[in-house]
Amino acid sequence: MELWKKSIKELKELIEKKEVKPSEVMESFAQRTRDVEGNIKSYVTDLTDQAVERAKQLDEKISNLSEIPELFGIPIAIKDNISTKDIRTTCSSKILENYVPPFDATVIKKLKNKEYLITGKTNLDEFAMGSSTENSAFFVTKNPWDTDRVPGGSSGGSAAAVSAGLVPAALGSDTGGSIRQPAAFCGVIGLKPTYGRVSRYGLVAFASSLDQIGTFTRTVEDTAILLNIISGKDPKDSTSADVEVPDFTQFLDKDIKGIKIGIPEEFFVEGLDPQIKELVMDSAKLLEKEGAELVSISMPTTKYAIEAYYIIAPSEASSNLARYDGVRYGFRASDYRDLEEMYSRTRDEGFGAEVKRRIMLGTYSLSSGYYDAYYLKAQKVRTLIYQDFMKAFEQVDLILTPTTPDVAFRIGEKADDPLQMYLSDIFTVSVNMAGVPGMSIPCGFKNGLPVGMQLIGKPFDEGTIIQVADRFTKLKDFSKHFPEF
Ligand code: GLN
C-alpha cells in the first residue's frame, strides 16, 4: 500500500481504525521525500527525520487515547513565512536566515492541538514577493511535472511538496495569488480563504490588508477538513473576523443544481492561452450539465487590478519591512561606522533585489507629493474592484475564471523581467483586492503541464466554492495523478 498517495481523509480513517500506525504513514512520506526531494527542493528546513521520530511517539500514545485528535499523525508542510516556535522561520531571506521565533502562529497552534506532524518549512519567494520561487535567497524550487520549470510562487515550495507527494497537504499564504497560482502550476488544489477568515497572527507580514493564510491539498474534502481547523476569530489578530465558522465538510457530496456561476468576459481576453481557455470553458460546461447555471457577467474595473496592486502591496511592504533594521531581528551587517550605516548596510546586504524594488516603489508611492496620485488613487481603484465583485454577486453565487494565463514557465524565463512576472497574477490579484475567497482546482493538462481553474466566492462563502469544487472533482479527479520522476 503506497500510503504517501493517500489523502488526509483516507489516512485519518486508517489510523483511527488502527489499520496503520502513524509511524508507518510518516515513514512512507519520508521515503518518498528521500526519493524525490533532491530533484524538487521544496524545503528550506527539512524536518522529515524529526517527524519520523515524533510519529513513533504517537504510536505509543494512541493506545491511551479515548478520542483521536483530528490530524493525529498527519504530515503537513508549512510555508517558511509562518512562525513556528523553536523552528527557524526564514521567509527565504538572508535577513531572517537564522531567525528562530519564540512563538507559534495561531494556525500552527491550531494544527498542534490536533496533533499534526510538521515535515518542514517550505521555500518561497523572499518575503512572498514573486510568482516563481526564483526570488528565494537560497535556491529555486522545481516544478515536479517538469523540473526545468518553476513551481509558481510565492508558495512554490508548499505547492511542489503536495504535488510531488511529500505530504498530503501544506499551508501557504496568498497576497495576490501566491497559493492559487502555484497550485495551478503544480496541479493541486489551493484555497485562499476570505480576508479575515483565518488569523494572520504569526504570518510574517508582506501586505497586511491583502495577506491571507490558506491550504494546499489533493482533494476538496481535505481542504474542508483543514479549513475547519484553521478558521475563526483570533483575539491576537484584530482583522480576523468574528463570523460563524460552518462545518465545511457539510458542503461535500451535494448536488449543484441551480447554483449560478458567473463567467466574467474580462477574464477570457487576449493574453489567455487558447488551450487554457478551452479547458476552463469545458469545465464550466461540465458544471452546467450537473445543473449549475452559467451567466455571462462583466467586471470592468478588474482590468486595473494589477496596476493598483503594485502600488498598494509595495506601499504596505515598505512599512512592514521597516522593522528589519539589524537591531531586533536576525541578520546585522558586520562592517559599519555608525548607527545610520549599520541600518543601511544591514538592509542592503540582507534584502534581495525584488524586495528592495518593492520597498523603493512603496516608499515613493507613500511619499508626500505622490501619495494622492498613487496610493490614494490605487485605494480608490480598489474600492471600484470591490464594488465590481459585489455587483456580480447580486447576480451569481460564484465566479469561474482561469487561474493563470498560461502553464508553468521555464526557470529563468521571466526572472529578468519584473513586469512579465507581475502579469502572471492577472487573474488572481483582484480577489485579494476585494478580500473574497478563491480556489484553484486542476482542470486538465496542456503539453503535460497542469492547468487550473479558479472559483471565486462571496465573502465568507467558502462553502459554496467547496460544494462546486467537490462536485467537479467527482467528475474530473486528478488527486491520484502524480508526476513521474
Ligand atoms: N506574485 C505576487 C507578488 O509578487 C503575489 C505574491 C503573493 O501572493 N504573496 O506580489
For ASP372 paired with ARG337, estimate the spin-label separation in nm (one decimal), with each label point 7 Å from Cα along the Cα-to-Cβ line. 4.0
Taking a cut-off of 24 Å between Cα atoms, list the lysines near LYS414, but don't count ones fewer than 8 places away on the same chain. LYS41, LYS79, LYS94, LYS142, LYS277, LYS303, LYS356, LYS446
Can you give the Rg to Rh ratio for region 109-197, taking only C-alpha atoms and Rh from Kirkwood? 0.97
Mind computing the radius of gyration and Dmax over the alpha-carbon atoms of region 354-427? Å is fine for both. 16.6, 43
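Based only on Cα atoms, what Rg/Rh ratio does region 4-46 have, Rh being taken as Kirkwood's radius?
Numbers: Rg = 12.1 Å, Rh = 11.4 Å.
With Rh from the inverse mean 1/r over Cα pairs, Rg/Rh is 1.06.
Return the equivalent ellipsoid semi-axes of region 326-485 as a descending list in whole Å, where each equals the square root of 5 times an eigenvalue of the C-alpha gyration tensor.
After diagonalising the Cα gyration tensor, the semi-axes are 38, 25, 15 Å.
Compute the FRET efficiency between GLU97 and SER209 as 1/(1 + (r/R0)^6), taking r as their Cβ-Cβ distance and R0 = 41 Å, and round to the nearest 0.05.
Working: r = 28 Å, r/R0 = 0.68.
According to the calculation, E is roughly 0.90.
Report the full-extension gain for the segment PHE268 to LYS85: residue separation times 0.36 nm, less the Cα-Cα distance, to one decimal in nm.
Working: separation 183, 0.36 × 183 = 65.88 nm, distance 4.42 nm.
Full extension from PHE268 to LYS85 adds 61.5 nm.
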What FRET efficiency comes out for the pair ARG328/GLU293, r = Cβ-Cβ distance, R0 = 45 Å, nearest 0.05? 0.25
At a temperature of 25 °C and a viscosity of 0.890 mPa s, determine how fast region 307-355 diffuses translationally according to Stokes-Einstein, using the Kirkwood radius over alpha-carbon pairs as Rh; express D in µm²/s, rounded to the nearest whole number. 208
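Average the reciprocal distances over every distinct pair of alpha-carbons in the chain, invert the result, and give the Kirkwood radius in Å. Numbers along the way, then the final one.
On the way: mean 1/r = 0.0448 Å⁻¹.
Across the chain, the inverse of the average 1/r is 22.3 Å.
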Kindly state, to the nearest 0.05, the FRET efficiency for PHE445 paired with GLU349, given R0 = 60 Å and r defined as their beta-carbon distance. 0.90
Could you name the aspartates and glutamates in cross-link range of LYS9, using Cα to Cα under 12 Å and dropping any fewer than eight places away on the same chain? GLU70, GLU221, ASP222
Taking a temperature of 10 °C and a viscosity of 1.306 mPa s, what whole-number D in µm²/s does Stokes-Einstein yield for region 1-121 with Rh from Kirkwood over alpha carbon pairs? 106
Hey, rough spin-label estimate for ASP416 and GLU19, points 7 angstrom out along Cα→Cβ, what's it come to in nanometres? 5.5
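So what's region 394-454 giving for Rg/Rh, alpha carbon basis, Kirkwood Rh from the mean inverse pair distance? Could the numbers behind the result be given before it?
On the way: Rg = 13.5 Å, Rh = 13.2 Å.
Rounded to two decimals, Rg/Rh equals 1.02.
Taking only C-alpha pairs under 8 Å that are 6+ residues apart, what is the relative contact order of region 256-382 in percent?
Working: 122 pairs, mean separation 35.5, N = 127.
Relative CO of region 256-382 lands at 28 percent.
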With +1 at each Lys and Arg Cβ and -1 at each Asp and Glu Cβ, the charge dipole magnitude of region 333-390 around its Cα centre, to the nearest 20 debye, comes out at 340
Packing-wise, with mean Cβ within 10 Å as the measure, how do 425-434, 385-394, 289-298, 178-187 rank, highest first? 178-187, 425-434, 385-394, 289-298
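How big is the shadow of the Cα convex hull of region 147-300, averaged over all directions, in nm²?
Details: hull surface 44.0 nm².
Approximately 11.0 nm², given one-decimal rounding.
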Equivalent-ellipsoid semi-axes (√(5λ), Cα gyration tensor) for region 233-317, whole Å, largest first? 29, 26, 11
Binned at 5 Å from 0, what are the whole-percent values of the Cα-Cα distance distribution for region 54-208, short to long? 2, 11, 18, 21, 20, 14, 8, 4, 2, 0
Computed over the Cα atoms of region 90-137, what is the convex hull's projected area averaged over all directions, in nm²? 4.0
Kindly provide the Kirkwood hydrodynamic radius of region 119-167 in Å, to one decimal, from all pairs of distinct alpha carbon atoms. 10.2
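Suppose the chain between PHE139 and LYS112 were pulled fully straight at 0.36 nm per residue; how much longer would it get relative to their current alpha carbon spacing? Could you put the intermediate results ahead of the total?
Details: separation 27, 0.36 × 27 = 9.72 nm, distance 2.88 nm.
Fully extending the segment from PHE139 to LYS112 adds 6.8 nm.
Any read-out appearing in this document is the output of simple, stated calculations on the displayed coordinates, not a laboratory observation. As the structure is a computational prediction, the values presented were derived from the model and not from experiment. When we count neighbours, we look across all protein chains shown, and the Cβ atoms used for this are built from the backbone with ideal geometry, even at glycine.
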